[in-house]
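Notes follow once the structure below has been shown.
The values are calculated or read from the model by the stated rules, or taken from the named source; none is laboratory data. Just so it is clear, the structure is predicted and the values come from calculations on it, not from any experiment. Please note: Cβ atoms are built from the backbone with ideal geometry, for glycine as well, and neighbour counts cover all protein chains shown.
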Amino acid sequence: MTILALKLSSTISTSLAAMIALLFVLSRVAKSRKPKGKKARSSEEKVTANVHGAANHNLQRQAALTSGKPVDHAGNVILVPDDDFDLNKTIFGTLDSVVARSLTKSKLAVKLFWSDEATLDIRAAYASIPATPKVDTAILDFMVSDCNFAMEHADGSFMDHLNFCHDYSALHFKEHSPRVLFLHSIMGVGTNFFPMKVEKVPKLKELLTDFEFKQIEAFPSMLRLITERTFLKELSHNLGRIDKLESVTFHRVIDNQELSLDAKSFWIQCNYQVMHLLDFLPAACWKAWLSEPLFSLFVEMIDFLMKANKLYATVDFDAPAGTSMEGQPVTLGSVIYRILPQAVGAKIATKAIRRFSASIGHSLEYKIQWSA
């Protein structure tokens, strides 16, 4: 190598080293001048923000709130499997059956992509409905400090579900308090998740009217009874004397305490149950989901209340029609639902609810009192 080449090589090496050093210095300066972002919120801060935050309804919920009924959006939405979905982070994480977990995940683990036209139409209609009443700050504070509402739900956070139920009730069941559906799960959900400990019951009761507390403490029990189907079948078989129903006695989920509802309170409870189930319906292609347990239960409850002439809330329902599968993902679970008989889907739900109640010492026994 010539002396000139050696000098050139040395010069390049020196220049490269100087450039690297300069870039290092500049990067440190840039970092020091970069505005500091907000510190990551603690889990407690996230829960507080979630509970106290304003309702942010997705398009499916906006459509239901606007129309006073669930809507089959086939042709207006495409469902894409969500590979990042974790069933264990939801209220369904305690499902102990491989089949039940697989089927539930097939329904929930999806992302919805709406057409531009449907998006504009739904948002425009939703913007025209009246505002719903805000929940008392004292109740929200209780939910933050004394309860656990950090779980995810079927679609979004637990609070998204509660806010939807509250707002639907406020808009379409105006004769009765929407706070019942806002707090319907506080004393237990069907999968043995308990947002509130039983020791907190007296404090909760102080925040509510007698009517609200009676309906809220009964809600988890009634949901299990209608899901188990025996109770609902007995009522359906007695439609001929349904107006002679005097009371229903059953057991509270959170501690197995015996409860009772008179006929008037019971029918109001049934209407709360229907509005709650509405939030579990699939976004599109209902015909393919008729065997899904919560969907079939919703259909059964609507049919029963209409035949009994006890559907007080506005919950219009168009029976599933057509066989279009447009926009539906092809997954093992979705295929199973399409060929699974409704009776089999209901049987899966019945066995699951029996196991959940048995595991916590909750009795599914009940008594229906009829007048002479």
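For region 228-241, the tally of residues that are under 13 Å from Ser371 (Cα atoms) and surrounded by 13 or more Cβ atoms within 10 Å (Cβ to Cβ) stands at 1.
Looking only at region 242-253, decide whether some residue is farther than 20 Å from Asp167 by Cβ, surrounded by fewer than 21 Cβ atoms within 10 Å (Cβ to Cβ) and under 26 Å from the mean Cα position of the chain (by Cα).
Yes, that holds for at least one residue.
Are any residues in region 262-282 part of a loop (DSSP other than H, G, I, E, B) and of a type in the set (Phe, Trp, Tyr), and if so, which ones? The answer is Phe280, and nothing else. If you go through region 283-298 and keep only what is in a loop (DSSP other than H, G, I, E, B) and either of a type in the set (D, E, K, R) or over 18 Å from Thr227 (Cβ atoms) (or both), you end up with Ala283, Ala284, Cys285, Glu292. If you go through region 314-339 and pick out every residue that is surrounded by 20 or more Cβ atoms within 10 Å (Cβ to Cβ), assigned to a loop (DSSP other than H, G, I, E, B) and at pLDDT below 80, you end up with 2. Only a single criterion out of (1) in contact with a Phe, Trp or Tyr (Cβ under 8 Å, 6 or more places away or on another chain); (2) crowded, with 17+ Cβ neighbours inside 10 Å; (3) more than 19 Å from Phe164 (Cβ to Cβ) is not satisfied by Val80, namely (2). Out of curiosity, is Ser157 under 18 Å from Asp279 (Cα atoms) and of a type in the set (Gly, Ala, Ser)? Answer is yes for this residue.
In the condition set (1) without any contact (Cβ under 8 Å) to a residue 60 or more places away in the chain; (2) in a helix (DSSP H, G or I); (3) over 27 Å from Ser106 (Cα atoms), Leu311 is compliant with all but (2). Filtering His166, His161, His153, His184 for residues that are modelled with pLDDT under 95, buried (at least 20 other Cβ atoms within 10 Å of the Cβ) and in contact with a helix residue (DSSP H, G or I) (Cβ under 8 Å, 6 or more places away or on another chain) leaves a single hit, His153. Out of Leu261, Leu225, one residue alone is in contact with a strand residue (DSSP E or B) (Cβ under 7 Å, 6 or more places away or on another chain) and either closer than 29 Å to Ala100 by Cβ or surrounded by 21 or more Cβ atoms within 10 Å (Cβ to Cβ) (or both). It is Leu225. The single condition among (1) among the hydrophobic types (A, V, I, L, M, F, W, C); (2) modelled with pLDDT under 90; (3) closer than 19 Å to Phe211 by Cβ that Leu95 does not satisfy is (3).
For the criterion of being surrounded by 20 or more Cβ atoms within 10 Å (Cβ to Cβ), under 25 Å from Leu208 (Cα atoms) and of a type in the set (A, V, I, L, M, F, W, C), Val189 passes.
Inside region 255-296, residues that are under 26 Å from Ile360 (Cα atoms) and modelled with pLDDT of 95 or more make up a count of 15. Can you find a residue in region 131-140 that is surrounded by fewer than 19 Cβ atoms within 10 Å (Cβ to Cβ), closer than 18 Å to Gly68 by Cα, touching a residue at least 24 places away in the same chain (Cβ under 8 Å) and not acidic (Asp, Glu)? Yes - at least one qualifying residue is present in region 131-140.
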